[in-house]
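Student: The structure under discussion is supplied below as structure tokens; questions concerning it will follow.
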Amino acid sequence: MIDVEGSTAVAAECSFCLKNGQEVDILIKREDDVHICDECVALCARIVKRARKRTRSWFGISNKSDREGGSDEVAECSFCFTNGQEVEQLIAGQDDVYICDECVAICAGIIKRT
Ligand SMILES: [Zn+2]
Ligand SMILES: [Zn+2]
């Protein structure tokens, strides 16, 4: 649980599991607000491997209920900005953060080399 007083600190946290960057081994940064930790990459890699279908796999942490009549915005990968409909898999994190299967593979490669 993250309960930091005065949370104005700019400590990076994983956009998928919300773990603080100091709690994880590796935190891969994409944009200022988008990060993914090694654990989440491993988890996403497993999800991608298991579901080779053209379905969206949800990360399973965010329990936001579907907003009825919400926006028609199509989700896109927060790492490469590819439209979710153009990738095989788009895995949802927190607060409209997504990662596609290709970026999962890239991140997995980065972690392997680290
Ligand atoms: Zn994480
Ligand atoms: Zn991507």
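The values are calculated or read from the model by the stated rules, or taken from the named source; none is laboratory data. The model shown is predicted, which means the values in this text are computed figures rather than measured ones. Glycine also receives a Cβ, built like all others from the backbone with ideal geometry; neighbour counts cover every protein chain displayed.
Student: Out of Glu31, Glu68, Glu76, Glu86, I need the residue that is at pLDDT below 80 and within 16 Å of ligand 2 (Cβ to nearest atom). Which one?
Tutor: Glu31
Student: Could I ask something else about it? Scanning segment 78-95 for residues that are of a type outside the set (Phe, Trp, Tyr) and within 16 Å of ligand 1 (Cβ to nearest atom), which turns out nearest to Lys29 (Cα to Cα)?
Tutor: That would be Ser78.
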